[in-house]
Amino acid sequence: METEEERNKRLAQEAADRILAKNGKTREDVEREEQKEAESAIQKVPQNAHSNIKHVIAVISGKGGVGKSFVTASLATALNKKGYKVGILDADITGPSIPKMFGVHGQIFSTEEGGIPKESKNGIKIMSINLLLDDETQPVIWRGPVIAQAVEQFWTDMMWGDIDYMLVDMPPGTGDVPLTVFQSLPIDGTVIVTSPQELVSMIVKKAYNMTTMMDIPVIGLVENYSYIVCPNCGEEIKVFGESGIDETAAELNVPVLAKIPINPMVAKASDDGDIESLDTTVFEDAVLKIVKG
């Protein structure tokens, strides 16, 4: 007798097969097309002549709302504290939050040789679509190909200088922009961010499968909103229920890099543009894994 999880997977696959059938395709057709697209990946785009970027790490998630930008900002801060020169390329064009987290505002300065990224209080270099807009609350209503081209230009047209670790804050999901980043930029590895809901296994596997299809290693998983610590007794309360992250990580043979608690100070620091003031001890293992490669 099939379990509820097996039944849900079967029903989801049957629904997907019906949609494909209406378009005259089978699951095998789609898999062949995806494989062909992966094998014919577009050539990596060059860095700006004034950039020397050594390592590129993409921070990804299979869905929105898991705190991916917070994890990106925290990893950047933790690496910066270790003495590494760090940059953040904000590829989440339609939902850019990195500049506000770091208290960085205003438009970048451009020269004939390229744009100059903004810098945080502690010297983390940042490029985001918000740093090109007259009004940072202006919505970016672009189609996928235009967004993907903008991300490429953040790489080619910016004078990043010497960067030990470039973190790419990816948009959620597995659409045009993540595909373009994986194909166009020399990604050394990915960090997958998730949260402890029941759908975690499926969502993580989608992100994992896309990464491995592009022949890019997965450095590990970060679980955000893992628990909250009771201020009175110190008990760890699992707000979203028991997590399945360890089982999923074991199944995929990748490590769990961190389990991040819910912390009200994160929201305040993000709103105040003071994300660099937060303690990054919980990210120590993740930083060690990224540095060791």
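The values are calculated or read from the model by the stated rules, or taken from the named source; none is laboratory data. What you see is a predicted model, and the numbers here were worked out from it, not measured in a lab. In this analysis, Cβ positions are derived from the backbone assuming ideal geometry, glycine residues included, and neighbour counts consider all displayed protein chains. When the accessible area is computed, the model is the full protein with side chains, heavy atoms only, and any ligands, DNA or RNA have been set aside. Shrake-Rupley method; radii C 1.70, N 1.55, O 1.52, S 1.80 Å.
Computed about its Cα centre, the charge dipole of the chain is approximately 180 debye, with only Lys, Arg, Asp and Glu carrying charge at their Cβ. Put simply, when 85-93, 62-70, 279-287 are sorted by average Cβ atoms within 10 angstrom per residue, most first, you get 85-93, 62-70, 279-287. For the range 157-293, the mean projected area of the C-alpha convex hull, equal to one quarter of the hull surface, is 10.2 nm². Projecting the Cα atoms of I275, A286, Y225 onto the dipole axis of the range 222-293, where Lys and Arg carry +1 and Asp and Glu carry -1 at the beta carbon, places A286 farthest toward the positive end.
Per residue, the convex hull around the alpha carbon atoms of the range 75-130 comes to 87 Å³. Any of K85/K205; K54/K81; K63/K85; K63/K238 with alpha carbons more than 26 Å apart? Name them for me. From K85/K205; K54/K81; K63/K85; K63/K238, over 26 Å: K85/K205; K63/K85. Extending 7 Å from the Cα toward the beta-carbon at both D162 and N253 defines two label points whose distance is 3.8 nm. Only protein atoms count toward the accessible area here, which uses a 1.4 Å probe; on the chain, the carbon and sulfur part of that area reaches 51 percent. So what's the net charge close to I192: Lys and Arg +1, Asp and Glu -1, counting the other residues with Cβ under 12 Å from its Cβ? Once all neighbours under 12 Å are counted, the net charge is +3. For the residue pairs K125/K292; K100/K289; K82/K121, the C-alpha atoms sit more than 25 angstrom apart in K100/K289.
Only one residue of F109, S201, I129 has its Cα farthest out toward the positive end of the dipole of the chain, where Lys and Arg carry +1 and Asp and Glu -1 on Cβ, and that residue is F109. Measuring from a point 7 Å past the Cα of K289 along Cα-to-C-beta, which residues in the range 184-207 have an amide N at less than 19 Å? Once the point is set 7 Å along Cα→Cβ of K289, 187-197, 200-207 turn out to lie under 19 Å by backbone N, inside the range 184-207.
As a rough guide to protection, the peptides 212-219, 230-237, 152-159 ranked by mean Cβ packing within 10 Å, highest first, stand as 152-159, 212-219, 230-237. Here the spin labels are modelled as points 7 Å beyond Cα on the Cα-Cβ line, and at N209 and T137 they lie 4.1 nm apart. Averaged per residue, the chain has 52 square angstrom of accessible surface, using a 1.4 angstrom probe with ligands and nucleic acids left out.
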